[in-house]
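The values are calculated or read from the model by the stated rules, or taken from the named source; none is laboratory data. In this text the structure is predicted, and so the values were computed from the model without any measurement. No Cβ is skipped: glycine too gets one built from the backbone with ideal geometry, and neighbour counts run over all protein chains shown.
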6 protein chains.
Amino acid sequence: MQRLVEGLHHFQSEIFGSQRALFERLALGQRPETMFITCADSRIDPNLLTQTAPGELFIMRNAGNFVPPYNPHSGEAATIEFAVAAIGVRDIVVCGHSHCGAVEAILDPPPPARFPALTNWLANAESTPRILRDKYPEADPTRLLNVAVQENVLMQLENLRTHPVVASGLAQGNLNLHGWVYKIETGEVFGYDPQARQFGPLTLHRDGEGAAPPAARSV
Amino acid sequence: MQRLVEGLHHFQSEIFGSQRALFERLALGQRPETMFITCADSRIDPNLLTQTAPGELFIMRNAGNFVPPYNPHSGEAATIEFAVAAIGVRDIVVCGHSHCGAVEAILDPPPPARFPALTNWLANAESTPRILRDKYPEADPTRLLNVAVQENVLMQLENLRTHPVVASGLAQGNLNLHGWVYKIETGEVFGYDPQARQFGPLTLHRDGEGAAPPAARSV
Amino acid sequence: MQRLVEGLHHFQSEIFGSQRALFERLALGQRPETMFITCADSRIDPNLLTQTAPGELFIMRNAGNFVPPYNPHSGEAATIEFAVAAIGVRDIVVCGHSHCGAVEAILDPPPPARFPALTNWLANAESTPRILRDKYPEADPTRLLNVAVQENVLMQLENLRTHPVVASGLAQGNLNLHGWVYKIETGEVFGYDPQARQFGPLTLHRDGEGAAPPAARSV
Amino acid sequence: MQRLVEGLHHFQSEIFGSQRALFERLALGQRPETMFITCADSRIDPNLLTQTAPGELFIMRNAGNFVPPYNPHSGEAATIEFAVAAIGVRDIVVCGHSHCGAVEAILDPPPPARFPALTNWLANAESTPRILRDKYPEADPTRLLNVAVQENVLMQLENLRTHPVVASGLAQGNLNLHGWVYKIETGEVFGYDPQARQFGPLTLHRDGEGAAPPAARSV
Amino acid sequence: MQRLVEGLHHFQSEIFGSQRALFERLALGQRPETMFITCADSRIDPNLLTQTAPGELFIMRNAGNFVPPYNPHSGEAATIEFAVAAIGVRDIVVCGHSHCGAVEAILDPPPPARFPALTNWLANAESTPRILRDKYPEADPTRLLNVAVQENVLMQLENLRTHPVVASGLAQGNLNLHGWVYKIETGEVFGYDPQARQFGPLTLHRDGEGAAPPAARSV
Amino acid sequence: MQRLVEGLHHFQSEIFGSQRALFERLALGQRPETMFITCADSRIDPNLLTQTAPGELFIMRNAGNFVPPYNPHSGEAATIEFAVAAIGVRDIVVCGHSHCGAVEAILDPPPPARFPALTNWLANAESTPRILRDKYPEADPTRLLNVAVQENVLMQLENLRTHPVVASGLAQGNLNLHGWVYKIETGEVFGYDPQARQFGPLTLHRDGEGAAPPAARSV
Ligand SMILES: [Zn+2]
Ligand SMILES: [Zn+2]
Ligand SMILES: [Zn+2]
Ligand SMILES: [Zn+2]
Ligand SMILES: [Zn+2]
Ligand SMILES: [Zn+2]
């Protein structure tokens, strides 16, 4: 903890001054355009990764970057409702990552008696091992983990669609969903392309859309 | 979104190279010593604030930095269980902040019909307005919000104690809890001092304990 | 009730004999290929409508033909899991209908004190009025009800995708989802066409696919 | 699916015309006097069995014809509340059936890891195997299944009594409950006789009561 | 509290000695034959009322002597399961009382914002006001409260029947249920007589059955 | 049961008369100053133990004297809310006891298939075995049970603090919490002393505070 307190002092004495104007403005209110949902994993720094400043990303983090199917009694539903209906974000990114311990736990569950809450939480990702077992019966463990991380992101995007504020935003065309996977060892981020039905590098387009695929109402 | 994709490209081409060794090491595993629980608010960057690098903070974020009382079916319980029992963090910081929209919503609830999930979520902080009403009957709104942010952090610390892995860590003496409040407009962070029963500046001690107060078993 | 008992006697003495072979075969086991989810409304007879015999449709019925987002503690999840993983159905039809009292109750909610369970149940369709309010702000009541019935069916299809056995079946390509609306007064049934993004008459194709649109994985 | 679409076309072109008057009248509203709760099993056609027309039976179906004890958050409670308090049905029939896969699963539970939702759902029938184990310790499997189907129906009748609208209807004397078992291979239906405390053939009485036994308030 | 500590000292120095043998024997185990469910109300002393000694009554108490319909996640279900399946009680008494504050709250609900948990809890007795409204539309408040206390006891008996260990015990004939109402101001206790369908004085029978009515399986 | 009915008659004919004035006064209302939470165990008679009369203790009892962490849908939360916010008790005692069968079940869990509700209920005490395993790895079973009873009481005190009405009462300083353990075989009661961090004999102080330790807000 001493290290953190030293960090706070360093931030305040050396860093804050140069960003004072930003922080004073931010004290008046936040207007982020993006909700960023990622894992609690210590290796992820969303602002570093996207080179964004305070005020730009509304960030929800939990073990495994899960979004449970809508249930009005969950913290995730409340945080998403706040982001969309109170703040008015226009994009929601679900960002998984390589070497995710929570996804590893989906594939190799920990003992329920020692991890009762985690065991229940992983049930939210119950379809991921079903899909893997069915689609990649022969994959080796490393490849399986990579695929599981991707499938897990896609499942959370499906789950997001059951949240009323998300369903409403999609129907009106003023909200977009994005699935990303961050590879810690290379710094790369891959985005899901619904047309190609696969993850690929995120590229910049001249027309200002970035690589964000259009989010379509689907059956 | 284009802005984010540009940021990703900038991170990868300009920043990642200088930290490659760190990230390659981190790809082998995370060993953070601290769990940091804070609000999803876009204005908070925990790594910037504490001047920590990737790998140092296991971060849970939701609207209002709430920790519901233990219930084995919540995502918060699973994330805390993962942090303490799987990763082995030694400190848990609950960090509230000035101008918190979720705490404002505790004091001035949004319409339940439009915000059903948020309304349920705020019920987790139900004791905060009770305490305020009883203890600060005459406070003006600004002061009330500041006090509410502090009381909200203290309530989450109580709630943390009902999580079995936290109760066990406290009983064994290998886990410490800390309550912080971050003031966005000045960059200051205040810590709760259980001896003094109030929040105050976090100071550095020579004996290596920082300002982190000892977490005691209480009745 | 006397009427029903008379009906049972009539069925047994006049009807059963001619179908004895079918029923004796069915006693050995059911192998329906389709799960049919529709409203409890008395005006719907799924077997009459589709001219199917006993043994062909596995039928789940409740007020409003709702499929709550996956939650392993609901009867709907259990019935769907049974249909897909134990029986092996290949198609799931969600069939709404004109003049649906449950959808009317979504648009014009009954008093919660008298209808507490129904009020909670309608919360599952919470996104329907949000979407209607946003997309059809000027529609007259009759048209609004028709549109609400359609949107309600589409929302249930999204919710179905969060059920692990459904997600797995879709990923493997051996399950298809279909959205229908039955118009009681004309006997017509309209199917959702994901390409055209609208409901239209169900037509017969020469290639043996019927009008059932392909169910695609979507983001 | 093609078969179903052909069926729809056949219904509309060949059948609907002769019942047009009925369907046009039904479009104005439903007034069924009976709620019929039965299994989702494809082999049951309630309208065929009771020789009733559209508009006569309000039908709830799920795997096992279960009625969970009252809980205001279940779909079953909402559907029952709608039937009794909004529509005003006078009779509720719970109809089990021979060879029921859900009751077989009560006696021989499927693997929880593959059937998590079904496992939870069967817990609603937890008393059935307890009663069987205690009352029929020596029964062979076939007889045990038949007895389990009967006990399962009786348990659902007890559970129905905990639903407030049912309790109120029974107390006022304007609602009656009936337990039936349908034997697929013979077309017979057996009704529970609370006086005799056993299931027997449903017989017609001259006095217009049918075989429906009086539903009495009991301790 | 000083009063209680004085009481403890008095008990130990003046009372315990004369009952030492009983308490030493009880330290080896409890074998109560009766589970007594009553209100947390301070005016009720079950052992005084029934003139029983320690070891004779297994006692569950909560606000309103409620038994929620079976739900395997409630403390009431666990306590009942423990009493019947682990201890083996033969009788369960549900004992309501005159002037019950919880039953008053059913008839005149407190503000939900100040009493959120109580409001939810009273929903368990939701059928009581429905029955009263329907059956006693003209009763004056005092009479209404007395009738509500009785109806509340009867509803809890119905709810008890949905608990699997109770259903099993009743089916086997080795468990009996009893409904009582205790009138504080006169010391009288009235028992429900299912034959007469009303509460009446509990009388002693020569044949050793007391006034406890036989608990019959009902439809 | 006959024994109980005889007891009721004896109470009414021999005992009630001498306390008529008390009971008639109590019929006008209860004003207990203490809420007493203890086990349903038949060997505990709270009024005998504390030598208190009817009207002095508001008593909640369940298997194991558990207080689940706050959850607005539990009976325990409702009963506590009623005690503090409606009745206005000033002290809450959680009283465990020697030879507690529920605490034994924490240490040696019963088979979940036979005790599903109890298994879930014991999960509320999940931290107790974790703490014991960590702090007393070598203790023999008898000592372990004694320690477990104590730790269980302390955990319930932590859980109590998450109940909003308790948190508010503590913050205002008008509510005190007390942890007791009752030793059946000796009649002794031990109280938790937060200063000494251990249980000890409850002693009388001249200053009128009894041995009740001050309940302090803690981090
Ligand atoms: Zn991760
Ligand atoms: Zn905030
Ligand atoms: Zn309908
Ligand atoms: Zn069946
Ligand atoms: Zn009471
Ligand atoms: Zn005990």
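How many residues are out of contact with any Asp or Glu (no Cβ under 6 Å at 6 or more places or on another chain), closer than 20 Å to C:CYS39 by Cα and hydroxyl-bearing (Ser, Thr, Tyr) if we restrict to the stretch C:125-145?
Selection size over the stretch C:125-145: 2.
Please indicate, with yes or no, whether at least one residue in the stretch C:107-117 is charged (D, E, K, R), more than 16 Å from ligand 5 (Cβ to nearest atom) and closer than 30 Å to D:PRO111 by Cβ.
no
Which residue out of C:GLY96, C:GLY55, C:GLY64 is more than 16 Å from ligand 2 (Cβ to nearest atom), without any contact (Cβ under 8 Å) to a residue 40 or more places away in the chain and small (Gly, Ala, Ser)?
Just one listed residue meets the conditions, C:GLY55.
If you take the residues of the stretch F:103-119 that are more than 7 Å from chain E (Cβ to nearest Cβ) and of a type in the set (A, V, I, L, M), which of them is farthest from ligand 6 (Cβ to nearest atom)?
Within the stretch F:103-119, the match that is farthest from ligand 6 (Cβ to nearest atom) is F:ALA113.
May I ask you to verify whether E:THR128 is farther than 25 Å from E:GLN19 by Cβ, at the interface with chain F (Cβ under 7 Å from one of its Cβ atoms) and β-branched (Val, Ile, Thr)?
When the stated conditions are applied, E:THR128 does not pass them.
Could you list, in sequence order, the residues of the stretch B:161-183 that are of a type in the set (S, T, N, Q) and touching a Ser or Thr at 6+ places or on another chain (Cβ under 6 Å)?
B:THR162, B:SER168 - these are the residues of the stretch B:161-183 that are of a type in the set (S, T, N, Q) and touching a Ser or Thr at 6+ places or on another chain (Cβ under 6 Å).
Only one of A:ALA167, A:ALA102 is buried (at least 20 other Cβ atoms within 10 Å of the Cβ), among the hydrophobic types (A, V, I, L, M, F, W, C) and farther than 23 Å from D:ARG114 by Cβ. Can you tell me which?
A:ALA167
Suppose the filter is small (Gly, Ala, Ser) and surrounded by fewer than 21 Cβ atoms within 10 Å (Cβ to Cβ); does B:ALA86 pass it?
Yes.
More than 16 Å from ligand 1 (Cβ to nearest atom) and more than 9 Å from every other protein chain (Cβ to nearest Cβ): is that true of E:GLU138 in this structure?
Answer is yes for this residue.
Given the conditions (1) within 15 Å of the chain's Cα centre (by Cα); (2) within 11 Å of chain C (Cβ to nearest Cβ), which single one is not true for D:VAL94?
Of everything listed in (1) within 15 Å of the chain's Cα centre (by Cα); (2) within 11 Å of chain C (Cβ to nearest Cβ), D:VAL94 misses just condition (2).
Matching residues to (1) surrounded by 21 or more Cβ atoms within 10 Å (Cβ to Cβ); (2) among the β-branched types (Val, Ile, Thr); (3) in contact with a helix residue (DSSP H, G or I) (Cβ under 7 Å, 6 or more places away or on another chain):
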{"site": "E:VAL5", "(1), (2), (3)": "yes, yes, no"}
{"site": "E:LEU8", "(1), (2), (3)": "yes, no, yes"}
{"site": "E:GLU14", "(1), (2), (3)": "no, no, no"}
{"site": "E:GLN19", "(1), (2), (3)": "no, no, no"}
{"site": "E:LEU22", "(1), (2), (3)": "no, no, no"}
{"site": "E:LEU28", "(1), (2), (3)": "no, no, no"}
{"site": "E:MET35", "(1), (2), (3)": "yes, no, yes"}
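Against the condition surrounded by 24 or more Cβ atoms within 10 Å (Cβ to Cβ), modelled with pLDDT of 90 or more and not aromatic (Phe, Trp, Tyr), how does B:GLY173 come out, does it pass?
No; evaluated as a whole, the condition is false for this residue.
For the stretch E:6-47, which positions are hydrophobic (A, V, I, L, M, F, W, C), under 26 Å from F:SER18 (Cα atoms) and more than 16 Å from ligand 5 (Cβ to nearest atom)?
If the condition is that a residue be hydrophobic (A, V, I, L, M, F, W, C), under 26 Å from F:SER18 (Cα atoms) and more than 16 Å from ligand 5 (Cβ to nearest atom), then E:LEU8, E:PHE11, E:ILE15, E:PHE16 are the ones that fit.
Name the residue that is farthest from the chain's Cα centre (by Cα), counting only residues in the stretch F:16-48 that are closer than 21 Å to F:CYS95 by Cα and of a type in the set (A, V, I, L, M).
So the residue we want is F:LEU48.
Within the stretch B:59-84, which residues are at the interface with another protein chain (Cβ under 7 Å from one of its Cβ atoms) and either in contact with a Leu (Cβ under 8 Å, 6 or more places away or on another chain) or more than 25 Å from F:ASN159 (Cβ to Cβ) (or both)?
Within the stretch B:59-84, B:ILE59, B:ARG61, B:ALA63, B:ALA78, B:GLU81, B:PHE82 meet the criteria.
Residues being modelled with pLDDT under 85 and of a type outside the set (Val, Ile, Thr): count how many of those fall in the stretch B:133-157.
Selection size over the stretch B:133-157: 9.
Kindly list the number of the only condition in (1) closer than 30 Å to A:GLN30 by Cβ; (2) at pLDDT below 95 that fails for B:GLU188.
(2)
Just for helices (runs of 4 or more DSSP H) wholly inside the stretch C:86-176: which have at least 1 residues that are under 20 Å from A:VAL165 (Cβ atoms)?
The qualifying helices (runs of 4 or more DSSP H) are C:101-107, C:116-122, C:127-135, C:141-160.
Before we move on, is B:GLU126 free of Cβ contacts under 8 Å to residues at least 24 places away in the same chain and within 25 Å of B:ARG197 (Cα to Cα)?
yes
Does the stretch E:56-76 hold any residues that are assigned to a helix (DSSP H, G or I) and more than 16 Å from E:ALA125 (Cα to Cα), and which are they?
E:GLY75
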